[in-house]
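Student: Structure provided below as structure tokens; questions to follow.
The values are calculated or read from the model by the stated rules, or taken from the named source; none is laboratory data. In this text, all values refer to a predicted model and were calculated from it rather than measured experimentally. We place every Cβ from the backbone using ideal geometry, glycine too, and count neighbours over all the protein chains shown.
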Ligand SMILES: Cc1ncc(COP(=O)(O)O)c(C=O)c1O
């Protein structure tokens, strides 16, 4: 082992966390009471510190680009054809295409057209929701660690963050989140499945939570990775919106549709929530006719979505087994990435992987080091596994 960490001691220590996850349903109540990453709640200080980024100029030449949870197979050929064909409509603003897209999405989601808001990716919606709801301060509640886009913007404009540690099974601690609500809470953010852990919060629990708390403050459910799950996205909270609950659901074309660079996302919410945002900003103005037409074509390309889901699972299972064989105790994932503890500083691992032309992400979570690998093609995952093994063995 080329790091100064004693690998055997480290493996023993980290085995505890992963074996509890592997035990699946067999969590004892005592174990569940403990936070997943051993954090204290409501510290206000993020436990998740992303401490090493691969310089942008180095990413383009990677042999395995496994750092941004992109879809290696996309976009669908049908999307590419629609994009090419619609380029000649580029002299006009997007309205004809966007009206069509809203209609298609409303039908798909079983909601009215005024429940849908389009944007150039879900990042735009996360940030603009933060602007719309947190302009006068207040607080936002979310899990820790979780995806930080909305929280970062909310904090930048003066809101505070109530961080609630994930439970030992890496699900959201919904009871603690509910208890954290006060008169100043503007929003609860739930990422399901969660990034960077790749884990889920059971949908029945999440729905019950949403029903209970949304009378006090809106619940924003980020479902970026939902459609990659085996059931293809059935575990959504979107149905609660038509029942009148104040839930804001966000989806993206960056993952299952493989369109991260084309920038398309949408929100499903109560019309009054959408109005709060559109009174301030026009999210559609960040979109292009070509991207919308590509997204429409991709929506009808069910074959491509199934291909992505199936191959993502095959390659994820392979990677999970390789990580286990390497003694790294990966966290079981429902997404297109896997988080795993590492026996060396993340910066060191990431730069050694870079030397082998493999790009992954690294996190420091509550003082512990983790790698996060996105699921790519089988060739990329094999290169990842051999490179990793050569570094840690
Ligand atoms: C949980 C989550 N939400 C939103 C996004 C942003 O997606 P988009 O490309 O639609 O902006 C990501 C991107 O990785 C994500 O992980």
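Student: Got a number for residues in the stretch 307-327 being in contact (Cβ under 8 Å) with a residue 24 or more places away in the chain and farther than 23 Å from residue 147 by Cβ?
Tutor: Final tally of qualifying residues: 7.
Student: Here is a further query. If we scan the stretch 293-303, do we find a residue that is crowded, with 24+ Cβ neighbours inside 10 Å and closer than 15 Å to residue 117 by Cβ?
Tutor: Checked against the condition, which is being crowded, with 24+ Cβ neighbours inside 10 Å and closer than 15 Å to residue 117 by Cβ, the stretch 293-303 yields at least one hit.
Student: Residues being out of contact with any helix residue (DSSP H, G or I) (no Cβ under 8 Å at 6 or more places or on another chain) and within 19 Å of residue 291 (Cβ to Cβ): count how many of those fall in the stretch 235-272.
Tutor: 2
Student: Under the condition of being in a loop (DSSP other than H, G, I, E, B) and surrounded by fewer than 20 Cβ atoms within 10 Å (Cβ to Cβ), which residue from the stretch 91-110 is farthest from the ligand (Cβ to nearest atom)?
Tutor: Residues of the stretch 91-110 that are in a loop (DSSP other than H, G, I, E, B), as a first pass: 91-94, 110.
This time we only want the ones that are surrounded by fewer than 20 Cβ atoms within 10 Å (Cβ to Cβ), so: 91-93, 110.
Working: 91: 27, 92: 24, 93: 22, 110: 22 Å.
Ranking the qualifying residues of the stretch 91-110, first place goes to 91.
Student: Can you find a residue in the stretch 154-165 that is in a loop (DSSP other than H, G, I, E, B) and within 16 Å of the ligand (Cβ to nearest atom)?
Tutor: Step one: list which residues in the stretch 154-165 are in a loop (DSSP other than H, G, I, E, B), which gives 157-159.
Remaining after also requiring within 16 Å of the ligand (Cβ to nearest atom): none.
No, there is no match, as no residue in the stretch 154-165 is in a loop (DSSP other than H, G, I, E, B) and within 16 Å of the ligand (Cβ to nearest atom).
Student: In addition: When you scan the stretch 364-371, do you find a residue that is touching a strand residue (DSSP E or B) at 6+ places or on another chain (Cβ under 7 Å), crowded, with 21+ Cβ neighbours inside 10 Å and part of a loop (DSSP other than H, G, I, E, B), even just one?
Tutor: The answer is no, given that none of the residues of the stretch 364-371 is touching a strand residue (DSSP E or B) at 6+ places or on another chain (Cβ under 7 Å), crowded, with 21+ Cβ neighbours inside 10 Å and part of a loop (DSSP other than H, G, I, E, B).
Student: Contact list please: Cβ distance under 6 Å, first residue in the stretch 209-237 and farther than 17 Å from residue 270 by Cβ, second residue modelled with pLDDT under 95, pairs at least six apart or on different chains.
Tutor: Note: pairs meeting the criteria are 226/233; 227/233.
Student: Filter the stretch 176-203 down to the residues that are within 20 Å of the chain's Cα centre (by Cα) and either in a loop (DSSP other than H, G, I, E, B) or without any contact (Cβ under 8 Å) to a residue 24 or more places away in the chain (or both) and list them by number. I'd like the intermediate steps shown before the answer.
Tutor: So in the stretch 176-203, the residues within 20 Å of the chain's Cα centre (by Cα) come out as 177, 187-203.
Result: 192, 193, 194, 195, 196, 197, 198, 199, 200, 201, 202.
Student: In the stretch 204-215, is there at least one residue being crowded, with 19+ Cβ neighbours inside 10 Å and either within 16 Å of the ligand (Cβ to nearest atom) or within 30 Å of residue 80 (Cβ to Cβ) (or both)?
Tutor: Yes: the stretch 204-215 contains one or more residues that are crowded, with 19+ Cβ neighbours inside 10 Å and either within 16 Å of the ligand (Cβ to nearest atom) or within 30 Å of residue 80 (Cβ to Cβ) (or both).
Student: Restrict the check to the stretch 127-138 and report whether at least one residue is free of Cβ contacts under 8 Å to residues at least 60 places away in the same chain and within 16 Å of the chain's Cα centre (by Cα). If you could, list the steps in order and put the result at the bottom.
Tutor: Step one: of the stretch 127-138, the residues free of Cβ contacts under 8 Å to residues at least 60 places away in the same chain are 127, 130, 134-138.
Pick out the ones that are also within 16 Å of the chain's Cα centre (by Cα) and you get 127.
The answer is yes; a qualifying residue exists.
Student: Still on this structure, I have one more. Show the residue pairs that are 6+ apart or on different chains and have beta-carbon atoms under 6 Å apart, the first residue being within the stretch 264-279 and closer than 15 Å to residue 250 by Cβ, the second being within 16 Å of the ligand (Cβ to nearest atom) and assigned to a helix (DSSP H, G or I).
Tutor: Correct list of pairs: 264/291; 264/295; 265/122; 265/125; 266/105; 267/125; 277/128.
Student: Here are some residues: 319, 308. Which one is at pLDDT 95 or above, within 17 Å of residue 254 (Cβ to Cβ) and buried (at least 16 other Cβ atoms within 10 Å of the Cβ)?
Tutor: Working: 319 fails: within 17 Å of residue 254 (Cβ to Cβ).
Only one candidate qualifies: 308.
Student: Only one of (1) touching a strand residue (DSSP E or B) at 6+ places or on another chain (Cβ under 8 Å); (2) surrounded by fewer than 18 Cβ atoms within 10 Å (Cβ to Cβ); (3) not in a helix (DSSP H, G or I) is not met by residue 347, so which one is it?
Tutor: (3)
Student: Continuing with this model, one more query. Out of the stretch 118-132, which residues are buried (at least 24 other Cβ atoms within 10 Å of the Cβ) and away from the ligand (no atom under 12 Å from the Cβ)?
Tutor: 130 - this is the single residue of the stretch 118-132 that is buried (at least 24 other Cβ atoms within 10 Å of the Cβ) and away from the ligand (no atom under 12 Å from the Cβ).
Student: Sticking with this one: Mind listing whichever residues of the stretch 352-363 are part of a helix (DSSP H, G or I) and under 24 Å from the mean Cα position of the chain (by Cα)?
Tutor: First, the residues of the stretch 352-363 that are part of a helix (DSSP H, G or I): 352-355.
Matches in the stretch 352-363: 353, 354.
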